[in-house]
């Protein structure tokens with residue numbers, strides 16, 4: 001990195017190196033959330049790499065990779081925090097709901113569509129190479145575009161796509177309940193816990209649920225609620241007792257209806273958001289490309305690693321190749337697709353209103369939450 005030089009008073013030295021200022025970042029950005037997003041995307045990448053037979057990682061390494069399962073939970077937490085945070089900064093009202101959903105489509109869809117197209121292209125090429133033509137199922141493509149593959153009984157082209165279906169259900173949910181979130185956090189937490197409690201193991205007729213058993217939002221509402229409650233407390237929209245009760249309700253539901261580890265992850269993320277806000281250039285980079293990395297890494301694993309697998313390379317070389325190619329592809333998608341989509345979504349403004357008295361609420365919307373497993377703006 002280049003260094004600025006300035007005269008040093010009281011010495012014969014005309015100049016001395018001075019560290020360049022840190023990169024300029026939005027005052028609205030919460031570094032802990034950005035760091036979490038980067039960590040979650042790397043955890044999911046690591047999990048899928050060590051689990052694939054093309055890498056064939058040792059059992060001990062594969063066991064560590066299981067921790068990546070919690071990356072999706074963290075993405076849901078991030079969405080639960082960032083989306084209401086964004087809506088608050090925009091002075092959101094229920095009449096803004098159509099524009100809010102439009103912004104989500106503009107923000108989320110372009111990278112998703114690119115990866116869907118690349119997946120279809122890979123399937124076509126493999127069909128030609130194997131002399132077994134691949135016929136594109138256009139109804140399946142439409143089901144992806146509309147995030148309703150389970151509704152139409154179509155499989156996801158890549159398994160990671162299911163979380164986008166769940167995330168979009170949350171977009172609709174938060175857009176509808178946000179106007180009452182600050183007034184009724186405890187009843188909303190109870191409702192979220194009740195949905196999960198009834199859904200798992202299954203008082204609802206899960207075989208008849210239109211969006212499938214894995215994608216339906218009921219099982220994940222307490223995870224989203226942990227993020228929403230943390231947002232309310234951090235923005236001083238809820239006092240600590242209210243925050244503590246909402247968190248307790250959500251964690252109890254997770255404790256009884258999900259693996260114990262999920263409850264621990266929820267509590268750890270709360271601590272990180274409130275007490276670990278620091279800038280790190282590596283996490284900053286991975287937080288930025290996390291959505292693109294989440295989308296593209298599985299295509300790299302199933303479409304590119306088999307080529308190198310024929311070379312009988314050591315597992316750690318295969319893992320490095322998978323990670324490097326995934327990160328490189330994600331960087332390109334962010335640079336040419338996701339970044340411009342993010343810029344375009346910010347141009348879609350909600351209906352202007354008188355600025356609120358709190359200066360913090362006057363800041364422009366900057367955070368972006370996606371499942372990215374949540375990057376969700």
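Sorted by mean Cβ packing within 10 Å, highest first, what order do the peptides 74-83, 181-190 take?
Values: 74-83: 29.4, 181-190: 17.4.
Per-residue mean Cβ counts within 10 Å order the peptides as 74-83, 181-190.
Separation between the residue 309 and residue 331 pseudo-spin-labels, each 7 Å from Cα along Cα→Cβ, expressed in nm?
2.7
Counting other beta carbons within 10 Å of each residue's own, what order do 345, 277 fall into, fewest first?
On the way: 345 20, 277 14.
Placing the least packed residue first, the sequence is 277, 345.
Pop a pseudo-label 7 angstrom from the Cα along the beta-carbon direction at both residue 252 and residue 240 and give the gap in nm to one decimal.
In this crude spin-label approximation the distance works out to 2.1 nm.
At what distance in angstrom do the alpha carbon centres of the range 145-179 and the range 57-84 lie from each other?
The range 145-179 and the range 57-84 have Cα centres separated by 19 Å.
Packing-wise, with mean Cβ within 10 Å as the measure, how do 104-117, 31-44 rank, highest first?
Values: 104-117: 20.4, 31-44: 24.2.
Peptide ranking by packing, descending: 31-44, 104-117.
At 7 Å along the Cα-to-beta-carbon direction for both residue 320 and residue 67, put a label point, then send me their distance in nm to one decimal.
According to this spin-label approximation, the distance is 2.1 nm.
Would you work out if the range 29-353 is rounded, prolate or oblate? Take a ≥ b ≥ c from the square roots of the eigenvalues of the alpha-carbon gyration tensor; rounded if a/c is under 1.5, else prolate when a/b is larger than b/c, oblate otherwise.
Details: a/c = 1.57, a/b = 1.46, b/c = 1.08.
The shape class here is prolate.
Quick one: order 291, 134, 233 by neighbouring beta-carbon count within 10 Å, fewest to most.
Details: 291 32, 134 15, 233 21.
In order of increasing Cβ crowding within 10 Å: 134, 233, 291.
Starting with the fewest neighbours, write out 153, 297 ranked by other beta-carbon atoms found within 10 Å of each beta-carbon. Working shown, then result.
Numbers: 153 10, 297 27.
Ranking 153, 297 by Cβ neighbours within 10 Å, fewest first, gives 153, 297.
Stretch residue 278-residue 109 to full length: gain in nm at 0.36 nm per residue minus the Cα-Cα span? Walk me through the numbers on the way to the answer.
On the way: separation 169, 0.36 × 169 = 60.84 nm, distance 3.02 nm.
Gain on extension, residue 278 to residue 109, equals 57.8 nm.
Read-outs throughout are calculated quantities, based only on the coordinates presented, and are distinct from any laboratory measurement. From a predicted model like this one, the values you see are computed outputs, not experimental measurements. Cβ: placed from backbone, ideal geometry, glycine included. Neighbour counts: every protein chain shown.
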